[in-house]
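For reference, the structure discussed in these notes is given below.
The values are calculated or read from the model by the stated rules, or taken from the named source; none is laboratory data. Bear in mind the structure is a predicted one, so any value in this text is a computation, not a measurement. FYI the Cβ positions are ideal-geometry reconstructions off the backbone, even for glycines, and counts take in every protein chain you see. In case anyone asks, the SASA skips ligands and DNA or RNA and just uses the protein heavy atoms, side chains included. Shrake-Rupley method; radii C 1.70, N 1.55, O 1.52, S 1.80 Å.
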Amino acid sequence: MAKKNRSAPAKGLRGSKAGLALSLGSSALAVIRASKQVRRARNRHDRLSTADAVAGMLPLITSAALILRQLRGRNREDTPETA
């Protein structure tokens, strides 16, 4: 029996503006969640937990920046140039 591809419906959204906006939203929520973790660690004065939370935020921020760059590039492609 063949294994079903559960991500098939999301394939159409992957390169679209809606898919990129959805990815950006999920990245933003992850950054907010991680920033709360940083605050809790700082309130407990736990340096190791704080460093761990900050290190966990870096890839999330990078991911959000890459998605923003893709969205901005698509917006530039879509707008007609005025001469």
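Listed values, structure above:
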| read-out | value |
| --- | --- |
| With all protein chains modelled, accessible area of Ile61 [1.4 Å, Å²] | 80 Å² |
| Surrounding net charge for Lys36, when Lys and Arg each add one and Asp and Glu each subtract one, Cβ distance under 15 Å | +3 |
| Sum of side-chain charges, Leu48 neighbourhood, beta-carbon under 14 Å (Lys, Arg +1; Asp, Glu -1) | +2 |
| Most to least accessible of Asp52, Asp46 (protein chains only, probe 1.4 Å) | Asp52, Asp46 |
| Computed accessible area, Leu29, all protein chains, 1.4 angstrom probe, square angstrom | 110 Å² |
| Charge tally in the Cβ shell below 14 Å around Gly25, where Lys, Arg are +1 and Asp, Glu are -1, Gly25 excluded | +2 |
